[in-house]
Amino acid sequence: MDTIAAIATGKVPTAIGVIRVSGPGTDAVLNRVFCPKCQKNVSELEPRKLFLGDLLDAQGRVLDSGMAVRFPAPGSYTGEDSAELHCHGSPVAMGEILSALFAAGARQARAGEFTKRAFLNGKLDLTQAEAVIDLIDAETPAAARNAAAQLDGALGRALSGVYDALTAMASQFYAVVDYPDEDIEDLELDEIKSSLRQSDEVLTRLLATCGRGRLLKSGVRTAIVGRPNAGKSSLLNALAGFDRCLVTDVPGTTRDTVEESVLCGGVLLRLIDTAGIRDTEDRVEKLGVERSKVALKSADLALAVVDGTALVNAAAGFAVFSPEDYTALELAAACLHWILVVSKSDLMGVSVPIPKIPPALANPPAASVCVSSATGEGLDVLENAVAALFPTDAGNPGELLTDPRQTDAVSRARDAIRRGLNALESGLTPDVILTDTEEAMNALGELTGRTAREDIVSSIFSRFCVGK
């Protein structure tokens with residue numbers, strides 16, 4: 001394994017810059033680039049303590065004054081000899097220091113290579129390795145907390161619990177068959193069924209989190225729908241906090257979908273402002289309406305915006321929807337979740353009434369709110385409604401399936417376990433489940449970095465052959 005180096009703090013000017021080094025030649029490389037003030041050789045510096053010194057360029061000239069810290073193997077992030085150089089965050093200075101490390105024998109680390117080495121050296125399992133990038137890319141506090149819990153091993157522990165139970169069961173069965181002369185207790189049928197059912201329950205619970213995990217990681221795809229001039233673009237601008245969309249009193253201003261990411265009630269919304277829903281002969285606007293309908297089909301949430309000033313008989317204290325409003329409501333109600341938003345409440349001379357939802361809409365809105373995009377009135381109510389639909393603090397942190405690969409592997413493991421259970425329930429002998437058990441273990445091993453056959457053999461020898 002060679003020695004790698006990379007700038008860890010990006011390529012923009014910062015107060016402090018960090019350069020990471022990892023590999024068997026870490027001390028030798030650092031010795032040519034870092035000169036400690038304490039006059040010691042780099043390899044003599046006490047681990048996990050910062051030491052002040054001079055940072056040298058490829059020609060041995062002093063480039064900066066900074067600090068270095070060593071992490072000898074195996075007590076490092078990668079499991080190898082590693083180190084960090086802390087200097088001033090000038091991109092030019094850090095580039096020169098990195099060049100000096102290359103001249104001393106290191107090479108440029110590839111994207112994700114430090115984490116890859118951590119996985120290969122057993123410091124992280126695959127769920128933890130994936131959590132590193134999730135934590136870096138997190139756009140909400142909830143996403144960051146979940147990624148941090150996964151990095152701490154929460155998901156890996158849940159999966160390993162099932163994997164270990166299957167290993168224990170399979171190894172005991174093989175031991176009974178392979179060592180008939182040994183006094184090894186047979187597995188009872190009820191015991192096998194109980195173990196498989198418990199494993200099924202854990203995996204089913206994890207699979208139930210995949211939808212919430214996807215939304216937590218990627219955001220809630222949210223389409224804003226309504227007739228022209230209902231206040232859709234104004235609502236997007238109000239939620240975004242700046243004028244993302246052009247707003248005029250001319251109907252049909254928005255002719256294409258406009259997207260923006262915002263935090264609403266602590267939930268990351270991928271807002272899509274759509275063209276106003278109406279019948280039109282304008283070819284370009286008609287294309288925009290069709291794109292609006294496509295966006296709604298893939299949305300997790302729809303915000304159906306109705307102009308409060310245009311509601312029929314609103315001033316008389318009751319209100320009904322116009323035909324164009326009703327068309328927009330029908331499209332919104334086709335989504336799993338939708339919220340009715342009565343806009344322009346600040347322009348009403350009386351309290352804005354919430355119209356009665358037509359009974360023909362089989363899917364009622366999750367909430368109905370009145371807002372003013374101009375004054376911000378009612379936006380907090382909308383945020384609370386969104387937060388209630390997509391709670392960010394439900395379940396155990398870290399025990400969410402946030403990646404399609406994770407969901408696929410867990411699903412295959414559960415399917416294999418259920419096949420084994422069905423075989424036992426139909427009266428077949430326990431040996432028929434061994435193939436299903438190993439298949440489930442290998443599926444989970446794709447996430448934990450373990451191999452069924454090796455772990456079963458290891459379990460047999462450690463449990464039943466000690467001292468023999």
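Do any GluC sites (Glu not before Pro) in the stretch 64-138 lie in a loop, going by DSSP, with at most 10 other beta-carbon atoms within 10 Å of their beta carbon, and if so which?
Answer by residue number: there is no such site.
With a sphere of radius 9 Å drawn around the Cβ of Asp54, what net charge do the other residues whose Cβ falls strictly inside it have (Lys, Arg +1; Asp, Glu -1)? Working shown, then result.
Values: positive: Lys37; negative: Asp64.
Result for the neighbourhood of Asp54: 0.
Run the numbers for Asp431 and Ala374: contour at 0.36 nm per residue of separation, minus the present Cα-Cα distance, in nm.
Values: separation 57, 0.36 × 57 = 20.52 nm, distance 6.98 nm.
My answer for the length gained is 13.5 nm.
With θ taken as phi - 60° and the coefficients 6.51, -1.76 and 1.60, list the Karplus ³J(HN,Hα) couplings across the stretch 49-56 in order, rounded to whole Hz; mark glycine and proline as x.
Values per residue, Gly and Pro as x: 10, 7, 10, 7, x, 9, 9, 10 Hz.
What is the count of Lys pairs in the stretch 37-153 whose alpha carbons sit under 30 Å apart, if the two are 8 or more places apart or on different chains?
Eligible lysine pairs with Cα atoms under 30 Å apart amount to 4.
To the nearest 10 Å², what's Asp346's accessible area with a 1.4 Å probe?
70 Å²
Got a sec to turn the phi values of the stretch 24-38 into Karplus ³J(HN,Hα) couplings, 6.51 cos²θ - 1.76 cosθ + 1.60 with θ = phi - 60°, whole Hz, x for Gly and Pro?
So the Karplus estimates, Gly and Pro as x, are x, x, 4, 4, 5, 5, 5, 4, 8, 10, 10, 10, x, 5, 7 Hz.
Hey, can you rank 220-227, 14-21, 420-427 by average C-beta count inside 10 Å, highest first? If you can, show how the numbers build up before the last one.
Working: 220-227: 26.1, 14-21: 18.8, 420-427: 14.2.
So the order, starting with the most tightly packed, is 220-227, 14-21, 420-427.
In whole Å, what are the extents of the stretch 115-163 along the principal axes defined by its C-alpha atoms, from largest to smallest?
31, 25, 10
Taking Cα pairs under 8 Å and at least six residues apart, what relative contact order does the stretch 1-51 come out at, in percent?
Numbers: 44 pairs, mean separation 14.5, N = 51.
For the stretch 1-51, the relative contact order is 28 percent.
Please list, in order along the stretch 405-410, the HN-Hα scalar couplings obtained from phi with the Karplus expression 6.51 cos²θ - 1.76 cosθ + 1.60 (θ = phi - 60°), rounded to whole Hz, x for Gly and Pro.
Working through the residues one at a time gives 5, 4, 4, 5, 5, 5 Hz.
The values are calculated or read from the model by the stated rules, or taken from the named source; none is laboratory data. If you're wondering where the values come from, they're calculated on a predicted model, not measured in any experiment. Note: ideal-geometry Cβ built from the backbone for every residue, glycine included; neighbour counts use all protein chains shown. Quick note on the areas: whole protein, heavy atoms, side chains included, nothing else; ligands and nucleic acids left out. Shrake-Rupley method; radii C 1.70, N 1.55, O 1.52, S 1.80 Å.
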